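A.B. asks: One structure is given below, represented as structure tokens, and several questions about it will come after.
The values are calculated or read from the model by the stated rules, or taken from the named source; none is laboratory data. Just so we're clear, the structure is a prediction, and the values are computed from it rather than from any experiment. Note: accessible area is taken over every heavy atom of the protein model, side chains too, but ligands, DNA and RNA are not part of it. Shrake-Rupley method; radii C 1.70, N 1.55, O 1.52, S 1.80 Å.
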Amino acid sequence: MPKLKVTGGNLLSGTIEISGAKNSAVALLPAALLCKTKSTIFKVPKIRDIEYLLKILKVLNCDYNVIEDEIIIDTTNLKNAPIPEELSEQMRASYYFMGTLLSRFKHVEISFPGGCVIGARPIDLHIKGFEALGAKVELIRNKYIIHAEKLIGTRIYLDFASVGATINLMLAATGAEGETIIENAAREPEIVNVASFLISMGCKITGAGTSTIIIEGNKEIDNGVTEVFPDRIEAATYVILGALAGDNLTIKGLIKDHINAILIKLKDVGVEFTANETEITLSKCQNPKATNITTQVYPGFPTDAQQPFTVLLTQAKGESTITETIYESRYISAGLLKEMGANTTSSGNILKVIGKTPLHGAELYVPDLRGGAALLLAGLIADGETILDNISLILRGYEDIVEKLTNVGAKIEIIE
Ligand code: UD1
């Protein structure tokens, strides 16, 4: 199994260009199945999750053509088929095939989706929503069988503003008779990205990006086209890296508004940067200050950025806290940072970080995608060498991470 060798201590200069967002792209590919013939998605990141989604498209007899970062998907020969567990378990987003196949065929067979182990992660809100639209859902030994004679638009209230449930129900509702209203919908940019793709196909959707989304179903749908939004979590990760080890490091091709909550926290900590709407330039913050962070749904501080941000807090003088409100178990990487010299303790959903602590290299096993990114950032500022095992989890979500970091002066290589 390949590992990542990171030698810390270099300051990083130059430009890192942000890729298309993993969490948008993994919803857009399944959404393309709603088109009768072709659709085109630009700026698709080359990451492991996309490779697996393309394998699922093959199972569904769907043709596609990948030209650099553009994917043209042709569903002319699309056939509904059970999605095998060895593919669906590779990522959480495989659940989006529930919404699209239900919309298009009124029948889906798929095993329970996978994803990072960061808490219980039930999909009850998706299932309740499908049922509200008129589907019957059976769970037989880890496999969902979802069937509907027809779907009928309705009013759905989400108990929690779940990203996955909002997108999945929006997808399913495109195949329902009449109007579906999703209340307490998630407002993340990924939802706007998917809605704009669906609208380009001919779907009638209003309110994406707000808490109430209205979908009028059963429209003529074809010829979708969209570009994947820049990855706000990748952008946040590299901006935090700039605060840790930048020397005029520029992060380019992002949407500043999408990472506003992180930029506000960086200012709290004392990080200075120059920014326009699409790029940010910054250098290492010499004396970061402690702060308190609570993760929230968008536009609040994203849970996916708290793990990389923790590394910055290890360099801040005093006691910082993170209160995680989205997932119940997302401090594994913070625990591993202790092996590099950090002073972190977690109790329930609260993490305490006491700084400033110098970090030193260690051999660590990557526990999850964003936790892996955090360990990598720590390795880049640590004394000596850090060896990260189980790096496929990092490669799941960060396109060309080794090349991007090497290009700005990081000493990082994949070793066997
Ligand atoms: C998505 C992102 C993930 C990010 C998360 C929150 C993808 C592929 N993944 O995950 O990177 O961390 O948003 O921004 O886009 N919940 C339920 N029942 C449900 C659905 C969710 O209880 O039916 C709970 C979850 O267990 C979790 C919370 O709601 O505690 C947030 O989940 P959700 O917003 O759905 O996240 P995901 O779509 O899984």
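A.B. asks: Once Rh is set to the Kirkwood radius over Cα pairs, what Stokes-Einstein translational diffusion coefficient, in µm²/s, holds for the chain at a temperature of 20 °C and a viscosity of 1.002 mPa s?
C.D. replies: Reported coefficient: 98 µm²/s.
A.B. asks: With a 10 Å cut-off between alpha carbons and a GNM built on the chain, which of Tyr398, Tyr238, Tyr327 moves the most?
C.D. replies: Judging by the Gaussian network model, the answer is Tyr327.
A.B. asks: Of all the Cα-Cα pairs you can form in region 268-310, what percent are over 11 Å apart?
C.D. replies: Result for the distance tail: 74 percent.
A.B. asks: May I pose another question? Which residue, Val402, Val44, Val311, has the most motion in a Gaussian network model of the chain that connects Cα atoms within less than 10 Å?
C.D. replies: Val402
A.B. asks: Given the pairs Lys55/Lys106; Lys79/Lys219; Lys55/Lys79, which span a C-alpha to C-alpha distance of over 19 angstrom in this model?
C.D. replies: With Cα atoms farther than 19 Å apart: Lys55/Lys106; Lys79/Lys219.
A.B. asks: Let me ask something else about it. Step by step: find N for region 301-416, compute 2.2 N^0.38 Å, then divide the Cα radius of gyration by it. What's the final number?
C.D. replies: For region 301-416, the normalised Cα radius of gyration is 1.02.
A.B. asks: Further question: Based on the alpha carbons, how large is the Rg to Rh ratio for region 203-253 when Rh follows Kirkwood?
C.D. replies: Taking Rg over the Kirkwood Rh, I get 1.25.
A.B. asks: Let me ask something else about it. Please report Rg over Rh for region 22-227, where both radii come from the alpha carbon positions and Rh follows the Kirkwood definition.
C.D. replies: 0.92
A.B. asks: Here's something else I'd like to know. May I ask you to give the solvent-accessible area per residue for region 264-367, in square angstrom, as obtained with a 1.4 angstrom probe?
C.D. replies: Ligands and nucleic acids excluded, the result is 45 Å² per residue.
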